[in-house]
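Below: one structure, written as structure tokens.
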Amino acid sequence: MANDTFTGWMTASQQAVETALETLLPDASRAPHVLHEAMRYSTLQGGKRVRPLLAFAAAELVDADAANVARVACAVEMIHAYSLVHDDMPCMDDDVLRRGKPTCHVQFDEATALLVGDALQTLAFELVASPLPGVAATQQLAMVKLLAQASGHAGMAGGQAIDLASVGKPLSQPELEFMHLMKTGALIRASVLLGALCGQPLDAAQTEALDHFAKRMGLAFQVVDDVLDVEADTATLGKTAGKDAANDKPTYVSLMGLGEAKAYARDLYDDALAALAPFGTKAARLQQLADYIVARSF
């Protein structure tokens with residue numbers, strides 16, 4: 001991106017993702033019409049696109065082609081959107097509001113919401129498996145594996161299973177972090193590493209440093225989310241505020257208290273930024289995104 005300011009870069013990147021999603025999602029005029037309408041409803045014009053932004057920022061480390069990054073970023077966003085559709089269903093977190101509008105199963109119905117999640121997930125894998133000009137086949141295979149691991153039993157789905165089983169139960173900090181490294185952190189980590197795979201491969205030390213950054217920021221993102229669930233209102237969040245406390249879910253705030261949770265988010269942020277030092281100025285956007293993620297509430 002040629003934008004000089006972080007705000008300009010972020011706006012341009014978000015628009016690039018939105019434009020690509022508009023094109024890559026099936027048109028609602030095609031059958032099955034309701035499924036395609038619901039896929040677009042659940043994915044377009046919503047959210048801050050943090051995961052795609054992380055992919056774009058990481059891609060700057062390797063001078064990746066913007067069109068390739070946009071496609072990979074869309075795949076990550078589709079996985080994220082599918083997870084939100086399923087998380088909001090009555091059998092999961094049972095919520096009626098997402099990104100400031102009725103959740104998919106409320107706007108349509110539960111069966112459609114289930115199918116929307118399935119269709120978005122498989123479309124995401126179709127995108128990363130389709131040709132990416134200039135990207136080696138070995139790197140694309142690594143992308144497919146990375147996205148699968150981040151989405152499945154050892155990642156997001158596994159973390160959600162632990163989350164559902166933990167309602168009303170006290171968790172230690174290591175247990176809470178294990179859950180969130182899977183549920184939230186795995187896809188954030190994948191977003192960063194997928195962006196870096198869109199260009200010339202990093203060496204082992206660089207990959208390890210970037211992975212450490214991604215893991216720390218994945219946890220920081222969740223800690224800030226837990227803080228926002230307490231401090232922000234529904235209009236600001238675009239989803240039901242106070243839902244975790246109402247459902248007796250273990251959070252960093254319930255474990256540590258509000259002040260300690262904020263301090264922990266700062267510690268994770270500092271550790272994440274230290275990992276970017278070997279990349280110098282090429283990591284400027286990743287650093288700015290880290291600032292943005294942690295500064296959402298304090």
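The values are calculated or read from the model by the stated rules, or taken from the named source; none is laboratory data. Keep in mind that what you see is a predicted model, and the values were worked out from it rather than measured. Quick reminder, even Gly has a Cβ in these numbers, built from the backbone with ideal geometry, and neighbours come from all protein chains shown. SASA here: full protein model, heavy atoms, side chains in, ligands and nucleic acids out. Shrake-Rupley method; radii C 1.70, N 1.55, O 1.52, S 1.80 Å.
Tabulated values for the structure
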item	result
For the stretch 27-71, size of Cβ-based charge dipole, Lys and Arg +1, Asp and Glu -1, in debye	220
CD proxy at 222 nm, helix term only [per DSSP H run n ≥ 4: -39500 (n - 2.57); per residue of the chain; nearest 500]	-21500 deg cm²/dmol
Cβ-defined net charge surrounding Glu77, 13 Å radius [Lys, Arg +1; Asp, Glu -1]	+4
Table column - 3J(HN,Hα) (Hz), the stretch 204-217, Karplus curve with 6.51, -1.76, 1.60, x for Gly and Pro	4, 5, 5, 4, 5, 5, 5, 5, 5, 4, 5, 5, 5, 6
Contact order normalised by residue count of the stretch 84-217, Cα under 8 Å, 6+ apart, percent	18
Taking the chain and dividing mean pair separation by its residue count, relative contact order in percent (alpha carbons under 8 Å, at least six apart)	20
Under 14 Å, Cβ to Cβ, from Arg189 - net charge with Lys/Arg +1 and Asp/Glu -1	+2
Å³ per residue enclosed by the Cα convex hull of the chain	121
Radius 14 Å from Cβ of Leu146, net charge of other residues (Lys, Arg +1; Asp, Glu -1)	+3
Listed residues Gln149, Ala20, Gly218: farthest to the positive end of the dipole of the chain (Cβ charges)	Ala20
Residue-normalised accessible area of the stretch 86-165, expressed per residue, 1.4 Å probe, Å²	47
Fraction of accessible area attributable to carbon and sulfur, the chain (%, probe 1.4 Å)	56
Ordering of 150-156, 189-195, 271-277 by packing [mean C-beta count within 10 Å, highest first]	189-195, 150-156, 271-277
Length released on extending from Ala67 to Ala137, taking residue separation times 0.36 nm less the Cα-Cα span	23.5 nm
Violating pairs (Cα-Cα greater than 26 angstrom) within the set Lys101/Lys215; Lys48/Lys282; Lys101/Lys183; Lys48/Lys169; Lys145/Lys183; Lys101/Lys249	Lys101/Lys215; Lys48/Lys169
Distant-in-sequence amide H partners of Leu97 (H built 1.01 Å from N, under 5 Å)	Thr103, Thr240
Charge dipole (the chain, unit charges on Cβ, about Cα centre) - positive-most of Ala113, Tyr292, Leu194	Leu194
Charge dipole (debye, nearest 20) of the chain; +1 at Cβ of Lys and Arg, -1 at Cβ of Asp and Glu	340
The stretch 75-155: C-alpha pair distances exceeding 18 Å, %	47
